[in-house]
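Structure, as structure tokens:
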Amino acid sequence: MMRQAGMALALTFVAAAPAQAHPHVWVDTGIEVILDAEGRAAALRIRWDYDEFYSLLIVEERGLDADHDGTATPAEKRALNGFDMKWQEGFAGDTYALSGDMPLVLSPPQDWTADYQGGRLQSTHLRRIDPPVALDRPLTVQIYDPGFYTDYDISFAPVFTPILPEGCRAEVLAPDPATVDRQLLDALAEYGADQDVEADFPAVGAQFAEELRLTCAR
């Protein structure tokens, strides 16, 4: 489901470091780019499908799925709605968008949904781009947790609403596994035996980030 083979090396900590590991949560991600009537990128809809273990923890914590069939009833869906939308102030939602090199402002999450199917929690939410941005420069959407507690993979084909504009190309780009694994090991090697790596994990999430890049002919 995830890039677990590469992570096996990255999470082999140096002998002096505590035997803790990141990430703890794995999420399959989908990105929908919503265009306005002028062809500008106006919003993003983000889909998160959580790993089975984390999903089970949340469902059990809330006393749902009493029949243990891995599927939510309509009432349970309503109870789950918004379970992951109570963000602390300043939280970026692990979603970052850029027009060329310019960071874009994304709204707080809106219009969220939740479901539980096949033993996995799924949620979606909308982030408006303020203001909407023309596609005269590459549009990049990155999904990552800076502290790498959560590992996001862009696992679903990107969606464009109403349609991918003519002359535009969409790519999902991933970092080189060997390079980022080595960068993580180098960062962990800086910790001493008495330091709590788990509590102060290096901010390497961006290095592991996958991204959607939309490039349109000028």
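The values are calculated or read from the model by the stated rules, or taken from the named source; none is laboratory data. Note that this is a predicted model, so its numbers are computed, not measured. With ideal geometry, Cβ positions are generated from the backbone for all residues, glycine too; neighbour counts draw on all protein chains shown. Heads up: the accessible areas ignore ligands, DNA and RNA and are worked out on the full protein's heavy atoms, side chains in. Shrake-Rupley method; radii C 1.70, N 1.55, O 1.52, S 1.80 Å.
Before moving on, here are some points about what is shown:
- For His68, His125, the ranking by accessible surface with the largest value first comes to His68, His125, using a 1.4 Å probe.
- The residues of the range 71-165 expose, per residue, 50 Å² of accessible area to a 1.4 Å probe.
- Compactness of the range 76-134 is given as radius of gyration and Dmax, 13.9, 42 Å, from Cα positions.
- Put a dot 7 Å past the Cα of Glu166, heading toward its Cβ, do the same for Arg137, and the two dots end up 2.7 nm apart.
- Global geometry of the range 55-183, whether rounded, prolate or oblate, following the gyration tensor of its Cα atoms and the 1.5 cut on a/c: prolate
- Rolling a 1.4 angstrom probe over the range 76-136 with all protein chains present gives an accessible area of which 51% lies on carbon and sulfur atoms.
- Pairwise FRET efficiency - Phe156 versus Lys86, Cβ, R0 = 35 Å, nearest 0.05: 0.90
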